[in-house]
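Below is one structure, written out as structure tokens, with a few remarks after it.
The values are calculated or read from the model by the stated rules, or taken from the named source; none is laboratory data. Note that this is a predicted model, so its numbers are computed, not measured. All Cβ positions, glycine included, derive from the backbone under ideal geometry; neighbour counts span all protein chains shown.
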Amino acid sequence: MAIGTQIFWLVILSMVVACIAWTVTQEEIFGEWREYCQDKHEDCGSILERKFYYVFTCEYCFSHWTTLLILIFTGFQLLIDDWRGYVLAFFAIPWIANQMMSIYRRLRVDIKHEDLLAKEVEKKLEP
């Protein structure tokens, strides 16, 4: 696969991983499941159980498992056409995905901050 095509796939697959990881670990649609996992993570006796439930509360951790599934489904390899290409992709995809999620988080904070400032100004302008 040409390097340009690989970069294209790398970015697209990173977006997919970021979207899935963010939705499962941050958005309200999975809120009850996340709270259940958080409680189980804190109360489980076994270290394996604690780690299993923790994965669903951490976008960084979850992005690696999502990447593993994406690589199994797509067969994407980065730079090298053997097992080493899978290893490179396994680390590159979640790294880019987590950069995207960091940018998204920052944008959401900035938007919320601007909304709060706008509401404050509206209150001051009301008679």
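Only a single criterion out of (1) more than 18 Å from the chain's Cα centre (by Cα); (2) assigned to a helix (DSSP H, G or I); (3) over 17 Å from ARG34 (Cα atoms); (4) not aliphatic (A, V, I, L, M) is not satisfied by PRO94, namely (1).
Among the residues of segment 74-116, write down those that are surrounded by 10 or more Cβ atoms within 10 Å (Cβ to Cβ) and among the aromatic types (Phe, Trp, Tyr). Within segment 74-116, PHE76, TYR86, PHE90, PHE91, TRP95, TYR104 qualify.
Close contacts from segment 82-100, counting a first residue that is more than 14 Å from VAL16 (Cβ to Cβ) and a second that is hydroxyl-bearing (Ser, Thr, Tyr) and assigned to a helix (DSSP H, G or I), with Cβ to Cβ under 7 Å and a gap of 6+ residues or different chains, come to PHE90/THR67.
Determine, yes or no, whether GLY75 is at positive phi and at pLDDT 90 or above. Walk me through it before giving the result.
Numbers: at positive phi: yes; at pLDDT 90 or above: yes.
When the stated conditions are applied, GLY75 passes them.
Residue pairs whose Cβ atoms lie under 9 Å apart, sitting 6 or more positions apart in sequence or on different chains, and linking a residue in segment 112-127 that is touching a residue at least 24 places away in the same chain (Cβ under 8 Å) to a partner that is part of a helix (DSSP H, G or I) and of a type outside the set (A, V, I, L, M), do not occur here. Residues that are surrounded by fewer than 18 Cβ atoms within 10 Å (Cβ to Cβ), hydrophobic (A, V, I, L, M, F, W, C) and touching a residue at least 24 places away in the same chain (Cβ under 8 Å) within segment 38-73 comprise just one, CYS58.
Every condition in (1) touching a residue at least 12 places away in the same chain (Cβ under 8 Å); (2) under 23 Å from ALA89 (Cα atoms) holds for ALA2 except the one numbered (1).
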